[in-house]
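One structure below.
The values are calculated or read from the model by the stated rules, or taken from the named source; none is laboratory data. Keep in mind the model is a prediction, meaning the values are calculated, not measured. Note that we place each Cβ from the backbone using ideal geometry, even for glycine, and neighbour counts take in every protein chain shown.
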Amino acid sequence: MTAFSADAALPPRTRALREAGAMLRLAGPVIVARAGLVVMLTVDTLMTGMVDAHEIAFLGLGLSPVMVFMLATVGLLQGSLVLVAQANGAGEHARCGAIWRVALLNALVLSSVFGLIGFVAEDIFLAIGQDPGLAKGAAEVTFHFAWGMPGVMLYVASGYFLEGIGRPRTGMVIMLAANIVNVFADGIFAVGWWGLVEPMGAVGAVITTSAIRWGIFVAILIVILTMRDRAAYGVTGAATPIRAIAGRLWKLGAPIAGTGFLENGAYATLAQLAGLLGAASLAAHQVTINVMTLAYMGANGMAAATSVRVGFSVGRGDQPGIARSGWTGIALGTVLMGLVAVLFVLAPTAIADIFLHTSSDSLGIAGHTVMAAGVFIVFAGAMATGMGALRGAGDMIAALGCYALAYVAIGIPAAWAFAFRLGWGAPGLIYGLLAGVLAGLVLLLWRFRTIARRVVARA
């Protein structure tokens, strides 16, 4: 009897519990691995806040135009993870190295092109209508973040290669070490610990982080180039059919990048709108988005695990398993974000004060924005895991449409209306985006319900 047929003979409750256990075992390592980069930004925000809340405003506005492109590139590179895993599973080990090299090329070109925004950031901020002083300080942050983008994207491509061949621990160790170094580097350059340099605030935090991002790429590159089986995995001595691999990479990764671009583009737009509300509102908004993004790694991990479990069911032709995996993932993602929401709603000011250090002008606003984020993150988490279910079923075009509706068609206009027309200020930005997410979530769940009821072919 196969595992598939044995599972089918179990009671529904037992099958659901086994599915939940498998989902959580998959999600745990992914959450830890992905959280490393976000923790680095969280430390940057925390250390910057020790200098002045206005420095957090510079950081938030400066990161907004480059983060959206960086995270879209991360989405595209996820296609390389799938390709490496498939090649490794098929025993085509030498092809894994070829895929890695093509991913490196794409990572370098895209991050370098997107990084050029650092040279025109101040003009962009001024054209939007930002205060000249705020625009100047934020543009310095953008510039110094931009030169670190190629380093972190090359690291991500290399990390996906190691994960694809079943060796994710290396990336986790490197990120752990990088975050420890970042704490002390931020302390010295951003805050001015031990009087070694004058405190540089947001710019100092970003300079150290960009340098560390190049360092983690060098570290993971050394690991890959010194693997004992590097020749077997095509790291050295293998041909690289760039055009064929790049075509498959873009076919798999572009829709993922598209959803990431829409979602993070909406967050970047909200940062610009928060800047129009003033430096205090922008600082409160930046702190809120930072803690929300860190918590959101739980939903991202559940989304990845949901994709894998749904994909397994599609591959083995288990139609009931598609529905079971998808709905289990969506439920777990919602519950996980619900637990975070309780903390956000019960102690919003205490959370914000960790970053703002009793800065009264921003802290009062942040108490309301963090509470709004507590409501928002529950439904955003459900949407993320729902998108993971559709991704596992190979229905990314529908997911892309749901995200376009949620974050662009409804979310951004509603955020502007709530913040400016209704006078809700910074919290209104988050509640407006929530209105879009609710609409997109309804459509996304309806789409998965439809998909789960019909025969799904492998992509």
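Points worth noting:
- Yes/no for F125 being under 27 Å from D44 (Cα atoms), more than 18 Å from the chain's Cα centre (by Cα) and touching a residue at least 24 places away in the same chain (Cβ under 8 Å): yes
- Lone qualifier among V375, V408 - being closer than 30 Å to E55 by Cα and at pLDDT 95 or above: V375
- The condition of being farther than 24 Å from L356 by Cβ, out of contact with any Lys or Arg (no Cβ under 7 Å at 6 or more places or on another chain), at pLDDT 90 or above and of a type outside the set (V, I, T) holds for only one of L71, L105, L81, L17, that being L105.
- For region 86-100, filtering for residues that are surrounded by fewer than 19 Cβ atoms within 10 Å (Cβ to Cβ) and either outside the structural domain of G148 (by TED's automatic domain parsing) or at negative phi (or both) leaves 7.
- Residue check, I220 under 25 Å from E92 (Cα atoms), surrounded by 17 or more Cβ atoms within 10 Å (Cβ to Cβ) and either touching a strand residue (DSSP E or B) at 6+ places or on another chain (Cβ under 6 Å) or assigned by TED's automatic domain parsing to the domain that holds W147 (or both): yes
- Among residues of region 135-156, those that are in contact with a Ser or Thr (Cβ under 6 Å, 6 or more places away or on another chain) and over 12 Å from I117 (Cα atoms), counted: 3
- A283 being surrounded by 21 or more Cβ atoms within 10 Å (Cβ to Cβ), more than 30 Å from D361 (Cα to Cα) and assigned by TED's automatic domain parsing to the domain that holds L390: no
- Here A257 fulfils each of the conditions (1) under 21 Å from the mean Cα position of the chain (by Cα); (2) farther than 28 Å from H54 by Cα; (3) touching a residue at least 40 places away in the same chain (Cβ under 8 Å); (4) not assigned by TED's automatic domain parsing to the domain that holds R101 apart from (4).
- Scope region 175-202; condition surrounded by 21 or more Cβ atoms within 10 Å (Cβ to Cβ) and not small (G, A, S); matching residues: M175, N182, D186, F189, M200
- Qualifying position, being in the same structural domain as P413 (by TED's automatic domain parsing), surrounded by 24 or more Cβ atoms within 10 Å (Cβ to Cβ) and either within 18 Å of W416 (Cα to Cα) or charged (D, E, K, R) (or both), among T328, T306, T288: T288
- In the set (1) in contact with a Ser or Thr (Cβ under 9 Å, 6 or more places away or on another chain); (2) at pLDDT 90 or above; (3) within 23 Å of I451 (Cβ to Cβ), Q319 fails one condition alone, (2).
- Scanning region 267-278 for residues that are among the hydrophobic types (A, V, I, L, M, F, W, C) and crowded, with 23+ Cβ neighbours inside 10 Å returns L270, A271, A274.
- Neighbours by Cβ (under 6 Å, 6+ apart or cross-chain): first from region 208-225, over 9 Å from L154 (Cβ atoms); second acidic (D, E) and crowded, with 16+ Cβ neighbours inside 10 Å: T208/D186; T209/D44
- Meets criteria (surrounded by fewer than 21 Cβ atoms within 10 Å (Cβ to Cβ) and in a helix (DSSP H, G or I)) for L76: no
- The residues in region 371-394 that are more than 19 Å from the chain's Cα centre (by Cα) and in contact (Cβ under 8 Å) with a residue 60 or more places away in the chain can be counted, and the count is 3.
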